[in-house]
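The values are calculated or read from the model by the stated rules, or taken from the named source; none is laboratory data. Remember, predicted model here, so these are calculated numbers, not experimental data. Positions of Cβ are backbone-derived with ideal geometry, glycine not excepted, and every protein chain shown enters the neighbour counts. Just the protein is used for accessible areas: all its heavy atoms, side chains included, with ligands, DNA and RNA removed. Shrake-Rupley method; radii C 1.70, N 1.55, O 1.52, S 1.80 Å.
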Amino acid sequence: EAGVAQSPRYKIIEKRQSVAFWCNPISGHATLYWYQQILGQGPKLLIQFQNNGVVDDSQLPKDRFSAERLKGVDSTLKIQPAKLEDSAVYLCASVLAGERYEQFFGPGTRLTVL
Amino acid sequence: AQSVTQLGSHVSVSEGALVLLRCNYSSSVPPYLFWYVQYPNQGLQLLLKYTTGATLVKGINGFEAEFKKSETSFHLTKPSAHMSDAAEYFCAVTPSGGYQKVTFGTGTKLQVIP
């Protein structure tokens, strides 16, 4: 079974630039999460999708972050414009419906904002 | 609201020695508890979980954890450390019942000394 795919793996940008991350969850997983993991901290939930609908985006900085999950499969997380404090690893995770406690994580995208 | 405290951001053990990683939680309702492992440049992988039933939970790679309600703890142990256990370990909590997000601790980096 293929795992959660994320791209790119690494991205370096200057502050005020825009960036987008892509996630392809495990086939059949209806629930998808985006997490932000700052160095030395645990993952912090940014947004949760159930199919193509948003379940929880209470911690998403909506003035600069946006996310979508078209057709309930792939998802894209965008930052526009980026700030220095956005430097982090962005993790995508997916869950099989009814098994919300076992999240399968992708390898993450490491973003460096200069 | 729930929270997780992991005591010790770095733990060093000798190969073959006991591994003990500490986790205390706070939750206003009965919790579900998890331990995840993260190897360098990889996403998180579920080691074990406690939801209901037996309070001693066995996971992958010889790890186990015991849910102690009276101590609000869920410490992770392994009788004999192996070099391949070197990684970062995250404890996580979510309230049982209904939808609630998973809250992660700040992580403990385990070093295994040969």
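Looking at the stretch B:24-42, is at least one residue closer than 25 Å to residue A:6 by Cβ, open to solvent by 20 Å² or more (accessible area, probe 1.4 Å) and free of Cβ contacts under 8 Å to residues at least 12 places away in the same chain? I'd like the intermediate steps shown before the answer.
Kept after step one, since they are closer than 25 Å to residue A:6 by Cβ, are these residues of the stretch B:24-42: B:34-42.
Those still in the list that are open to solvent by 20 Å² or more (accessible area, probe 1.4 Å) too: B:38-42.
Keeping just the survivors that are free of Cβ contacts under 8 Å to residues at least 12 places away in the same chain gives B:41-42.
Looking for residues that are closer than 25 Å to residue A:6 by Cβ, open to solvent by 20 Å² or more (accessible area, probe 1.4 Å) and free of Cβ contacts under 8 Å to residues at least 12 places away in the same chain, one finds at least one in the stretch B:24-42, hence yes.
Residue-wise test of (1) of a type in the set (D, E, K, R); (2) closer than 28 Å to residue A:89 by Cα; (3) open to solvent by less than 10 Å² (accessible area, probe 1.4 Å).
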residue	(1), (2), (3)
B:46	no, yes, no
B:49	yes, yes, no
B:53	no, no, no
B:57	no, no, no
B:72	no, no, no
B:82	no, yes, no
B:89	no, yes, yes
B:93	no, yes, yes
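Any idea which of (1) touching a residue at least 60 places away in the same chain (Cβ under 8 Å); (2) on the phi > 0 side of the Ramachandran plot is the one residue A:72 doesn't satisfy?
For residue A:72, the exception is condition (1).
Between a first residue in the stretch A:5-32 that is of a type in the set (Ser, Thr, Tyr) and a second residue that is at pLDDT 95 or above and surrounded by fewer than 17 Cβ atoms within 10 Å (Cβ to Cβ), which pairs have beta carbons less than 8 Å apart while being 6 or more apart in sequence or on different chains?
Qualifying pairs under 8 Å: A:7/A:22; A:10/A:112; A:18/A:78; A:18/A:80; A:18/A:81.
Answer yes or no: is there a residue in the stretch B:4-12 that is touching a Cys at 6+ places or on another chain (Cβ under 8 Å), within 14 Å of another protein chain (Cβ to nearest Cβ) and of a type in the set (S, T, N, Q).
yes
For the stretch A:22-114, please list each of the strands (runs of 3 or more DSSP E) lying entirely inside it that holds at least 2 residues being within 13 Å of chain B (Cβ to nearest Cβ) and either within 14 Å of the chain's Cα centre (by Cα) or closer than 21 Å to residue B:34 by Cα (or both). Steps first, please.
Numbers: elements: A:31-37, A:44-50, A:53-56, A:65-68, A:75-79, A:88-95, A:109-113.
Because the criterion is at least 2 residues that are within 13 Å of chain B (Cβ to nearest Cβ) and either within 14 Å of the chain's Cα centre (by Cα) or closer than 21 Å to residue B:34 by Cα (or both), the strands (runs of 3 or more DSSP E) in the stretch A:22-114 that meet it are A:31-37, A:44-50, A:53-56, A:88-95, A:109-113.
How many residues are of a type in the set (A, V, I, L, M) and either open to solvent by less than 20 Å² (accessible area, probe 1.4 Å) or modelled with pLDDT of 95 or more (or both) when one looks only at the stretch A:39-66?
Residues of the stretch A:39-66 that are of a type in the set (A, V, I, L, M), as a first pass: A:39, A:45-47, A:54-55, A:60.
Pick out the ones that are also either open to solvent by less than 20 Å² (accessible area, probe 1.4 Å) or modelled with pLDDT of 95 or more (or both) and you get A:45-47, A:60.
Matching residues across the stretch A:39-66 total 4.
Would you point out which residue out of B:52, B:77, B:94 is modelled with pLDDT under 90 and assigned to a strand (DSSP E or B)?
B:94
Return the total of residues in the stretch B:75-114 being under 17 Å from residue B:47 (Cα atoms) and within 14 Å of chain A (Cβ to nearest Cβ).
16
Only residues that are small (Gly, Ala, Ser) and either within 12 Å of the chain's Cα centre (by Cα) or at the interface with chain B (Cβ under 10 Å from one of its Cβ atoms) (or both): list them for the stretch A:1-21, please.
Listed by number, the residues that qualify are A:3, A:5, A:7, A:20.
Just need a number here: residues in the stretch B:8-52 that are of a type in the set (S, T, N, Q) and within 14 Å of the chain's Cα centre (by Cα).
Within the stretch B:8-52, the subset of a type in the set (S, T, N, Q) is B:9, B:12, B:14, B:24, B:26-28, B:38, B:41-42, B:45, B:51-52.
When the remaining residues are screened for being within 14 Å of the chain's Cα centre (by Cα), the result is B:9, B:24, B:38, B:45, B:51.
Selection size over the stretch B:8-52: 5.
Quick one: which of A:62, A:11, A:44, A:71 is closer than 29 Å to residue B:108 by Cβ, among the basic types (Lys, Arg) and out of contact with any Ser or Thr (no Cβ under 8 Å at 6 or more places or on another chain)? Give the derivation first.
On the way: A:62 fails: closer than 29 Å to residue B:108 by Cβ; A:11 fails: out of contact with any Ser or Thr (no Cβ under 8 Å at 6 or more places or on another chain); A:71 fails: closer than 29 Å to residue B:108 by Cβ.
A:44 is the lone residue from the list that is closer than 29 Å to residue B:108 by Cβ, among the basic types (Lys, Arg) and out of contact with any Ser or Thr (no Cβ under 8 Å at 6 or more places or on another chain).
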